[in-house]
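Okay, structure first, notes after.
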Amino acid sequence: MPATFISEPITPDASFDPLAMARGEPGLPGKFRWRSRDWIVAEVLETSKEYGDCKHGSGERYVRRHCFRLRTSDGHVMRVYFQRSFGRSRAAARWWLQSIEEPDCSAPLDIGAREKNRAA
């Protein structure tokens, strides 16, 4: 499935990855809210960083975003990122949903989904 561009803020749950935070990186939340729905992170598929030049001409480069491609518990693949604040214009929202892909119906369901389908 092709990804649908979203670019909307998400609200992270209070549970974060403490190991990432110990390395000075944002801790990807285990759950977040988007469009009045809770989404549970089941698997991190890929991580990356986006860099930007110093605004004062020093030639230094800084991490601007920490990006995560993840799969949710219901099979959606999402790209979320943590926007680092810098300068005086600190963004109110730090976590953003960049894009979403619908679940692949041919992929095997997780155990919890199988149990729900069997009970139905």
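With respect to (1) more than 14 Å from the chain's Cα centre (by Cα); (2) at pLDDT 95 or above; (3) within 20 Å of M21 (Cα to Cα), the lone exception for F68 is condition (1).
Scanning the range 1-37 for residues that are of a type in the set (S, T, Y) and either outside any loop (DSSP other than H, G, I, E, B) or touching a strand residue (DSSP E or B) at 6+ places or on another chain (Cβ under 7 Å) (or both) gives T4, S7, T11, S15. If you go through the range 14-53 and pick out every residue that is acidic (D, E), over 15 Å from F68 (Cα atoms) and modelled with pLDDT of 90 or more, you end up with 1. Of all residues in the range 9-39, those satisfying the criterion of being within 23 Å of D104 (Cβ to Cβ) and exposed (fewer than 13 other Cβ atoms within 10 Å of the Cβ) are R35, R37, D38.
Would you check which residues across the range 1-16 are out of contact with any Gly (no Cβ under 8 Å at 6 or more places or on another chain) and not polar (S, T, N, Q) and list them? Passing the criteria: M1, P2, A3, F5, I6, E8, P9, I10, P12, A14.
Remark: A3 falls outside the filter, which requires a residue to be surrounded by fewer than 16 Cβ atoms within 10 Å (Cβ to Cβ) and modelled with pLDDT under 85.
This table checks each residue for (1) touching a Lys or Arg at 6+ places or on another chain (Cβ under 8 Å); (2) hydrophobic (A, V, I, L, M, F, W, C); (3) touching a residue at least 60 places away in the same chain (Cβ under 8 Å); (4) under 16 Å from E101 (Cβ atoms).
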residue: A20; (1), (2), (3), (4): no, yes, no, no
residue: D53; (1), (2), (3), (4): yes, no, no, no
residue: R61; (1), (2), (3), (4): no, no, no, no
residue: R65; (1), (2), (3), (4): yes, no, no, no
residue: D74; (1), (2), (3), (4): no, no, no, yes
residue: Y81; (1), (2), (3), (4): yes, no, no, yes
residue: R84; (1), (2), (3), (4): yes, no, no, no
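The values are calculated or read from the model by the stated rules, or taken from the named source; none is laboratory data. As the structure is a prediction and not an experimental result, all values here were calculated from the model. Because the Cβ atoms are built from the backbone with ideal geometry, glycine has one as well, and the counts that use them run over all protein chains shown.
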